[in-house]
Amino acid sequence: MDFEGKRVLVTGSSRGIGFDIARMFLEAGARVAINGSSDASVDNAMARLENFEEKIAAPGNIGTVDGCESTVQAAIDAFSGLDILVNNAGVGAGRPIAECDEAMWDAHCDVNLKGLFFCCRAAIPALSESNGNIVNIASDAGLIGVPGITVYCGTKGGVVNMTRAMALEIAPDVRVNCVCPGYVDTDMIRISAKKKPDPEAYWQKMIDYAPLKRIASTEEIGHAVMYLASEYARFITGTSLPIDGGTTAGK
Ligand SMILES: NC(=O)c1ccc[n+]([C@@H]2O[C@H](COP(=O)([O-])OP(=O)(O)OC[C@H]3O[C@@H](n4cnc5c(N)ncnc54)[C@H](OP(=O)(O)O)[C@@H]3O)[C@@H](O)[C@H]2O)c1
């Protein structure tokens, strides 16, 4: 796909899914703002992307309104506008309900919901000017209930429905869509597997979870994001696209 000259901000692009989304946009000719929660994590990603000229560092804590606004503004200032916002920054931890405390609740809501909303709010004027679009990263756990990750499910379900509401409110100027990945091979699931009593068995359980019997690659999520952000999807808004190997198709 051709994104020559398009101006893109990917939140949480210092590693994982967001890093590959940023890399794929750069490969397709876009100018990309790289975000992560710290200067160090963004510097590290910038170094890994050394072959690409058209990138800028936009570190900022997406868990705060100030952090969202300064990150979005850094991208707009550097590129003189914005065409695509990918809200990818997110946190996810699994715990039984009885062990979910206020700190965990706040951490999930601050990044996954509040941060996503305030990045959109900050970016909408620039996106309206460019007739741009937003792609949110939710989860299959935003479409179905998954025991053991109730707080995460709540935030990602919120992303799915906020995508719909926002799409209606800011149409026809700006499209808003959402991608719902199943398990993807990143730090997020590797770290949670390591914490289990039998990490190998847990990894196998994640493979078996999807009817297609594997874990997704970060690139497979990137392809879906690029499709929704592209001209091919110009009549699509308010939708949620599962990239989950069939998990949410039913039992
Ligand atoms: N992996 C999966 O199986 C899976 C499945 C469904 C949905 N998702 C969703 O996909 C998205 C990316 O997940 P991932 O697996 O790539 O996660 P990851 O490997 O843990 O990476 C998370 C990214 O988000 C950034 N981030 C976290 N908190 C932030 C904050 N407060 N401010 C700015 N950046 C922040 C991290 O930056 P730092 O490097 O600075 O920490 C990092 O770049 C998330 O929204 C996640 O919920 C993942």
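Quick one: would you say T150 is under 13 Å from the mean Cα position of the chain (by Cα), touching a residue at least 12 places away in the same chain (Cβ under 8 Å) and more than 23 Å from A28 (Cα to Cα)? Criteria not met by T150. For region 16-30, what are the residues that are surrounded by fewer than 23 Cβ atoms within 10 Å (Cβ to Cβ) and more than 9 Å from the ligand (Cβ to nearest atom)? The answer is M24, L26, E27, A28, G29.
Okay, residues lined up against (1) in a helix (DSSP H, G or I); (2) touching a helix residue (DSSP H, G or I) at 6+ places or on another chain (Cβ under 7 Å); (3) among the acidic types (D, E):
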{"site": "D20", "(1), (2), (3)": "yes, yes, yes"}
{"site": "L26", "(1), (2), (3)": "yes, no, no"}
{"site": "A33", "(1), (2), (3)": "no, yes, no"}
{"site": "V42", "(1), (2), (3)": "yes, no, no"}
{"site": "A45", "(1), (2), (3)": "yes, yes, no"}
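Residues in region 1-29 that are more than 12 Å from L85 (Cα to Cα) and aliphatic (A, V, I, L, M) were compared, and the one that is modelled with the lowest pLDDT is M1. Residues that are out of contact with any Leu (no Cβ under 9 Å at 6 or more places or on another chain) and either surrounded by 21 or more Cβ atoms within 10 Å (Cβ to Cβ) or not hydroxyl-bearing (S, T, Y) (or both) within region 31-52 comprise R31, G36, D39, A40, V42, D43, N44, A45, M46, A47, R48, E50, listed in sequence order. If the condition is being open to solvent by 30 Å² or more (accessible area, probe 1.4 Å), in contact with a strand residue (DSSP E or B) (Cβ under 7 Å, 6 or more places away or on another chain) and not basic (K, R), then region 146-184 contributes only Y183. Counted as qualifying within region 62-171 are the helices (runs of 4 or more DSSP H) with 3 or more residues that are within 28 Å of A249 (Cα to Cα), namely 150-170. Cβ-Cβ contacts under 9 Å between residues 6 or more apart (or on different chains), taken from a first residue in region 201-216 that is outside the structural domain of S139 (by TED's automatic domain parsing) and farther than 19 Å from C180 by Cβ to a second residue that is within 12 Å of the ligand (Cβ to nearest atom) and among the hydrophobic types (A, V, I, L, M, F, W, C), are listed as Y202/A193; W203/I189; W203/A193; W203/I215.
Among the residues of region 157-169, not a single one is modelled with pLDDT of 95 or more, near the ligand (Cβ under 10 Å from one of its atoms), within 14 Å of the chain's Cα centre (by Cα) and of a type in the set (S, T, N, Q).
The values are calculated or read from the model by the stated rules, or taken from the named source; none is laboratory data. Nothing here was measured: the structure is a model prediction, and the numbers come from that model. Note that each Cβ is placed from the backbone with ideal geometry, even for glycine, and that neighbours are counted across all protein chains shown. The accessibility values were calculated without ligands, DNA or RNA, using every heavy atom of the protein model including side chains. Shrake-Rupley method; radii C 1.70, N 1.55, O 1.52, S 1.80 Å.
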